[in-house]
1. Applying 1/(1 + (r/R0)^6) with R0 = 41 Å to the Cβ-Cβ distance of Arg44 and Ile84, what FRET efficiency is obtained, to the nearest 0.05?
2. Rank these by accessible area, largest first, 1.4 Å probe: Phe30, Phe64.
3. Within region 1-20, list the residues whose amide N lies under 12 Å from a label point set 7 Å along Cα→Cβ of Lys55.
4. Taking the solvent-accessible surface of protein heavy atoms with a 1.4 Å probe, what is the per residue accessible area of region 1-91 in Å²?
Amino acid sequence: MKWSKESCLNLINEYQKYPVSWNPKDLMYFSKNKKIDAWAQIGRNLNIDTEEAKKKMISLSGSFRREKTKTKNSFGTRKDRKEIYASKWFAYESMQFMNDRDDPRPSINTSNTSNENISDDIKMNETLLLLLMIN
């Protein structure tokens, strides 16, 4: 398939609608079946082959990381504002939703060891395990 800028942007917009496929903070992110379902739906919505959509999204994500790194690295090394790198890549703004995908998740506060908090943590973990087992 020939990918135009418009078809790439359509793919990115559709991909954004399914955080299970790109956001590690999503509760179902580690469910292989949920990811397969999300990609199947993306393919149906865009009327394209699922595997081809995945390959293109991997390529677009790599380009986004490259542009993001260039921008980040330009801040610390240059003093003149004119020398800060500003991406002109067509999909850079559309993929901003992926900016925080690699940020660490909030940690669980283990310093407060009251029975109530421990019980809540156990219930939450049991619920998450049940959800993953169902899928």
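1. It comes out at approximately 0.50.
2. Solvent-accessible surface, decreasing: Phe30, Phe64.
3. Residues passing the 12 Å test: 1-3.
4. 68 Å²
The values are calculated or read from the model by the stated rules, or taken from the named source; none is laboratory data. Since we're looking at a predicted model, the values are computed, not measured. Here the Cβ is made from the backbone with ideal geometry for all residues, glycine too, and neighbour counts use every protein chain on show. Remember, those area values only see protein heavy atoms, side chains included, never the ligands or the DNA or RNA. Shrake-Rupley method; radii C 1.70, N 1.55, O 1.52, S 1.80 Å.
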